[in-house]
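Only one structure is covered here, and it is reproduced in the block below.
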Amino acid sequence: MNADVVIIDYGIGNLFSVRRAFEHCGADVLVTSDPEILSAAPRLVLPGVGAFADGMRGLIDRGLDGVVKAYADSGRPLLGICLGMQMLASTSEEFGEHAGLGIIPGRVASIPRNDPEGKPYKVPHVGWADLRSRAYETDWHGSILDGLKPGDAIYLTHSFAVNPSNPAHLLAYCEYNGAEVTSAIRNRNVYGVQFHPEKSGPVGLKIIANFAKAV
Amino acid sequence: MLTKRLIVCLDVRNGKVTKGVKFKENVDLGDPVEMGSKYYREGVDELVFYDIMASAEKRPIDIAMVRAVARKVFIPFSVGGGIRNLDDMREVLLAGAEKVSVNSLAVQNPDIIRQGARAFGNQCIVLGMDAKKTDLPGLASGYEVFVQGGRKAMGIDAIAWAKQAVTLGAGEICVNSIDADGTKDGYEINLTRMIADAVDVPVIASGGAGTPDHLVDVFKNGGADAGLVASMVHYGTYAIPAIKAGLSAAGIPVRAAI
């Protein structure tokens, strides 16, 4: 295979921007829904926007849910972006109870919607927020966040977030009205980011380059 | 914490960025793709491209331009003007835009907001609203909604329309004051505040920005989540890093400029 990075096309989301960001970082990119090509990819990206159930249906209808799970077991780098990250989790409560891929144990739940007095927050959570971590010097080193530092800002837009069952899988979080909201997770070779690295300026491109070349 | 967003607005006419005063007397300023990528490199948080004549000329948005922007700009940008239906929205989003902005179309056919939000998610649908002070009886807020680039009054109350749009699924509202547009005298704080208090989605203030202090004012007193600027950067009066430095010095949380 000539491609450095293969992006999963399962009929959902804006693949052009993700593709362009990888190309900008010097990667050869292939976008496909072909299970054989996906299985043979040196690096695999699961993008996505929209509702959880629609995303899972898009994967299942194309017979790709098993392909992604098997890929995660292969040890090669896998990156889920936004909805793609959420689908890595075990379950989601968005518009009813839905099963995810279960690659990183955890549950997708609504971000806090009201302050302690019951006043509603603005949801979706749209904009630029700082990446944070209590142990970034160890956790981020050698990961897709290598070279970044807490306070670097990323762009996100979401109403739900992953709560990983194992706290060790939390790679970075954002603070939102005093609550910690998961923004990046990692289980060995599998990464998930809630934000859009392809829309997060130079910081996002650094993450894209790390995934394409370094991890 | 979410930072306050600085958004540059590029009105596009005949393939050129243009700027008028109170929606009139437009002059051409440059190539939209080049200008957009320059602002991106300077550290702006978001861009908006309005194809300001598409709606009046009843033609689709320039998709080649959208794709050209997406090749160079790695921050969110939205596209508006000339969105006629769900297919137009899909085309703009697939070309690399993060969001679509609907204005005239949504006033004439509010259900397009619901359809767009359902197909692409609320976060993709921005309601652009052009409003102007009015004495018309029955418009409780004192502001009336206009369409077709400020040329046509609709007799609709601005706040009532904002609430309805959010109920239908709009993920953000860009509030553009026709009275303040291009004046560089500051945002319409009163209008922005009323809309921000009335809805629970992010509000973008638009029209009237002339100095960084105007942004400080609309963030502190207008309840805005983002501020749109045009004239003050297009004519080179202020650069993005200087505006962000001004906001930061005034205690407004912003994403660091490059």
Handout entry: Highest-fluctuation residue, A:Ala89, A:Ala135, A:Ala184 considered, GNM on chain A with Cα pairs under 10 Å
Key = A:Ala135
Problem - Coordinate range along principal axes, alpha carbons of the protein assembly as shown, Å, largest first - result: 67, 46, 42
Problem - Net charge over other residues, Cβ less than 12 angstrom from the Cβ of A:Arg20 (K, R count +1; D, E count -1) - result: +3
Practice task
Multiply the residue gap between B:Ala56 and B:Ala250 by 0.36 nm, knock off their C-alpha separation, and tell me the result in nm, one decimal place.
Solution key: 65.8 nm
Handout entry: For segment A:5-212, convex hull of alpha carbons as volume per residue, Å³
Key = 108
Completion exercise
Computed for chain A: size of charge dipole around the Cα centre, +1 on C-beta of each Lys and Arg, -1 on C-beta of each Asp and Glu, debye to nearest 20, value 240
Handout entry: Counted charge near B:Arg13, where neighbours are those whose Cβ lies closer than 9 Å (Asp, Glu -1; Lys, Arg +1)
Key = -2
Exercise for the section: Determine, from the Cβ-Cβ distance of A:Lys119 and A:Ala53 and an R0 of 41 Å, the FRET efficiency 1/(1 + (r/R0)^6), rounded to the nearest 0.05. Expected result: 0.85
Problem - Members of B:Lys19/B:Lys163; B:Lys4/B:Lys133; A:Lys199/B:Lys133; A:Lys119/B:Lys72; B:Lys19/B:Lys220 lying beyond 32 Å, as alpha-carbon distances in this model show - result: A:Lys199/B:Lys133; A:Lys119/B:Lys72
Exercise for the section: With only Lys, Arg, Asp and Glu charged, each at its Cβ (+1 for the first two, -1 for the last two), find how big the charge dipole of chain B is about the Cα centre; round to the nearest 20 debye. Expected result: 380
Problem - Dipole magnitude of the protein assembly as shown, debye to nearest 20 (Cβ charges: Lys/Arg +1, Asp/Glu -1, about Cα centre) - result: 400
Completion exercise
Rounded to the nearest whole number, the per residue volume of the convex hull around the C-alpha atoms of chain B in Å³ is 111
Fill in the blank from the handout: Per-residue Cβ contact counts at 10 Å, fewest first, order B:Met129, A:Met56, B:Met154 as B:Met154, A:Met56, B:Met129
Handout entry: Hits among aspartates and glutamates - C-alpha to C-alpha of B:Lys16 under 14 Å, sequence gap 8 or more where chains match
Key = B:Asp28, B:Asp31, B:Glu34, B:Asp51, B:Asp62
Exercise for the section: Taking H placed 1.01 Å from N in the peptide plane, check which residues at least 5 places from B:Asp200 or on another chain put their amide H under 5 Å from its amide H. Expected result: none
Handout entry: Approximate spin-label separation B:Lys163-A:Ser165, in nm, with each point projected 7 Å along Cα-to-Cβ
Key = 4.5
Exercise for the section: Return the aspartates and glutamates within reach of B:Lys244: Cα separation strictly under 15 angstrom, same-chain partners fewer than 8 residues apart disregarded; answer none if there are no such residues. Expected result: B:Glu42, B:Asp45, B:Glu46, B:Asp213, B:Asp217, B:Asp225
Problem - Mean-position separation - Cα centroids, segment A:164-185 and segment B:174-199, in angstrom - result: 36
Exercise for the section: Please give the net charge around A:Met56, taking every other residue with its beta carbon less than 14 angstrom from that of A:Met56, where Lys and Arg add +1 and Asp and Glu add -1. Expected result: -3
Practice task
Please work out the FRET efficiency for the pair B:Ile63 and B:Gln108, using the Cβ-Cβ distance as r and a Förster radius of 25 Å; give the result to the nearest 0.05.
Solution key: 0.65
Problem - Label point distance in nm, B:Arg90-B:Thr183, each placed 7 Å from Cα along Cα→Cβ - result: 4.3
Completion exercise
FRET efficiency for A:Arg132 and A:Asn177 from the Cβ-Cβ distance with R0 = 22 Å, rounded to 0.05, comes out at 0.95
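None of the figures in this text is laboratory data; all of them are computed from the coordinates on show. In this text, all values refer to a predicted model and were calculated from it rather than measured experimentally. Glycine gets a Cβ as well: all are built from the backbone with ideal geometry, and neighbour counts include every protein chain shown.
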